[in-house]
Structures are given as structure tokens and as C-alpha cells.
1. Which FRET efficiency, nearest 0.05, do residue 290 and residue 264 yield, Cβ-Cβ r, R0 35 Å?
2. Stretch residue 232-residue 253 to full length: gain in nm at 0.36 nm per residue minus the Cα-Cα span?
3. Quick one: length gained pulling residue 214 to residue 80 fully straight, 0.36 nm per residue minus the C-alpha distance?
Amino acid sequence: MSNTSDRLGQLLVIAGVTLFALLAGWLLFVEFATDLADLFGVLLVFALGAAALRFASGLAGSQFPTYNVAEVGVEGPITRDGEGNNPIPTGPVGATADEIAEQIDTADGDPAVDALLVKLNTPGGEVVPSEDIRNAAESFDGPTIAYTTDVCASGGYWIASGCDEIWAREPSIVGSIGVIGSRLNVADLADRLGVSYEQFTAGEYKDAGTSLKDIDEDEREYLQGIIDGLYDRFVGRVAEGRALDESEIRDTEARIYLGDEAVELGLVDEIGTREDVIDRLEDELDEEVSVREFEPQRGALARVGMGARAVAYSFGAGIASHVDTDGLGVRFRT
């Protein structure tokens with residue numbers, strides 16, 4: 001069905017439902033109402049009409065969709081819950097990994113959607129949430145294109161490498177194919193303050209990396225083994241998605257690259273704007289493209305919370321990224 005026919009169908013549905021509601025409201029609240037109801041009749045009619053308009057718009061959108069491409073955004077640090085280990089955000093506040101994966105699945109189940117755009121502006125984040133988003137994009141039934149505006153690094157690139165194509169701008173930052181584990185060592189400070197560490201555990205490595213005690217060589221080797229295993233996984237996933245040799249990926253040594261350099265290395269397919277990506281999809285689908293942005297639906301309290309975290313970040317809360325608050329001592333992230 002053409003976009004013109006879809007829009008006409010939407011207008012007819014909206015107009016029909018709204019006119020029916022207005023007529024019903026007039027008859028119920030004005031024409032056949034008591035004197036008391038007459039005072040409020042007109043207001044009730046318009047209220048009913050407004051509610052009907054909203055309902056009809058949703059109904060028309062589902063029956064006569066005017067989009068054929070879904071866009072899902074990955075912005076800010078990639079975390080499971082939107083906050084990670086820090087109570088104060090350290091980057092632009094976006095949807096959580098679970099929400100993003102859910103929106104991709106929703107788009108995949110939408111019969112109107114033929115292709116998927118994954119918009120990336122992220123420095124990376126937690127390993128498993130990055131993998132979850134990548135799996136959702138990789139499972140999408142149709143062409144998938146990842147494109148980055150500013151940054152597509154680390155966990156962001158983990159996600160992008162699961163798409164059919166990756167696009168970037170010339171000054172975009174791409175890469176950082178590596179894994180980092182960090183711990184804050186405050187053992188000396190605790191000694192100076194007269195704070196002693198005593199913990200009861202079962203299992204030799206249960207408290208490995210705890211910040212209040214010095215780390216020994218066995219613990220360091222154990223934790224480095226976890227980092228190495230995650231790195232091998234990262235390299236393997238990128239090699240699989242980009243059809244590159246693992247040695248080529250390891251040779252990058254987790255460096256970041258500008259967009260045009262990333263193209264030369266095979267990390268990015270094309271340089272271009274979002275409009276160029278749309279043109280590419282129109283060639284792929286052989287039809288005019290109309291994009292709908294799929295976003296998670298949040299209640300009023302959740303929106304207020306997201307807004308508060310965004311304001312906190314804008315006032316310089318990024319300093320919190322240097323403080324470990326998870327109580328485990330070691331953080332693993334891409």
C-alpha cells in the first residue's frame with residue numbers, strides 16, 4: 001500500500017471515529033440531558049471528542065502505518081538498569097539495554113517494518129547488556145544498518161558489528177575493541193585511618209579484588225584471566241560480524257579511529273550522513289523509506305527520574321565515574 005493511501009486511510013479513520021464520538025456526546029450530554037447536565041454538556045462533548053481523537057489516531061496508525069523502517073537509539077553508557085554502578089549518570093542518559101532490546105524485538109514483530117536502523121552514540125559500557133542488544137539486532141528479520149553520529153566505541157562497536165552494515169561520519173570516533181576491569185585500591189588509606197578489613201568468605205577467590213585489601217599475584221592472574229576471556233569473546237564477535245581475521249582486530253590494540261580511518265581498516269563500511277543511510281535503504285528496499293523511531297514507553301515518574309539524571313549529568317556529575325560503589329571492588333566493562 002502506498003504512503004498516500006495509508007495517509008488517506010488514517011485520515012478517514014480519525015475523522016470517522018471523532019465525528020461519531022462528537023455526535024454521541026452531543027446527543028447524550030446536551031440534546032437529551034437534564035438541566036444540570038446541560039451546563040456541562042458542551043465541555044463533556046469536547047472532552048469525549050479529544051479522547052476519541054487520541055484513540056482514533058492510535059487505531060489509524062496501527063491499521064494504516066506510514067513507516068517501513070524502524071530506528072532504535074543506543075545513547076550514553078550501556079547498562080542493564082540505566083545507572084550502572086554509579087548513582088549519578090556519567091554520560092548522556094538513554095534507554096536501558098533491556099528496553100533497547102525490547103524495542104528491536106517489537107520492531108521485528110511489526111509487519112510494517114522492513115528494515116532496522118540502529119543509531120549509536122555511546123562510549124560503551126557493560127559487557128552482557130551490549131551482547132543482549134547485539135543479539136536482538138542480529139536476530140532482526142531484514143536489513144540492519146548501524147550508524148554513528150559522534151561515538152561508536154567499545155560496547156557500542158560490539159553492537160554495531162552485529163548489523164549488516166556500519167556507517168559513520170568522517171569525524172566520528174569508532175573502535176576501542178577491548179575490555180577493561182578496574183578496582184579502586186584504598187588499602188593504604190584504610191590503614192592510615194585505622195580501618196581494618198575482615199571478611200568471612202567461602203571460596204578462595206570470593207573477595208578477589210576487594211578495594212580494602214591489597215591484591216596478591218594469584219588474584220591478579222585470576223582477574224586478568226576473566227578480562228582475557230571477555231576480550232577473546234569480543235574479538236570473536238567482531239570477526240564474525242565483520243568477516244575479518246581475529247589477528248587484524250587484535251592488531252588494533254583497542255585503539256579508536258576517526259571514521260575514514262575505520263573504513264580503511266574494514267571496521268566501517270561507508271562514510272555518510274543519516275540522509276545517505278536512508279538513500280542506501282531505499283536502494284535496498286526498492287521503495288520510498290519512512291522511518292519511525294521506536295522508544296520505550298515510560299510512566300510519568302520514570303520520565304521525571306530520567307530527566308533528573310540528565311540534569312545531574314549536565315552539572316558535571318561525570319566525576320562519579322571514578323568512584324566504585326558496587327562493593328565488589330572490580331568492574332568489568334567494554
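Readers should treat all values here as calculations from the given coordinates under stated rules, not as data from a laboratory. No experiment lies behind these values; they were computed from the predicted model shown. Quick reminder, even Gly has a Cβ in these numbers, built from the backbone with ideal geometry, and neighbours come from all protein chains shown.
1. Values: r = 34 Å, r/R0 = 0.96.
Calculated transfer efficiency: 0.55.
2. Numbers: separation 21, 0.36 × 21 = 7.56 nm, distance 1.26 nm.
Going from the current span to full extension adds 6.3 nm.
3. Values: separation 134, 0.36 × 134 = 48.24 nm, distance 2.96 nm.
Full extension from residue 214 to residue 80 adds 45.3 nm.
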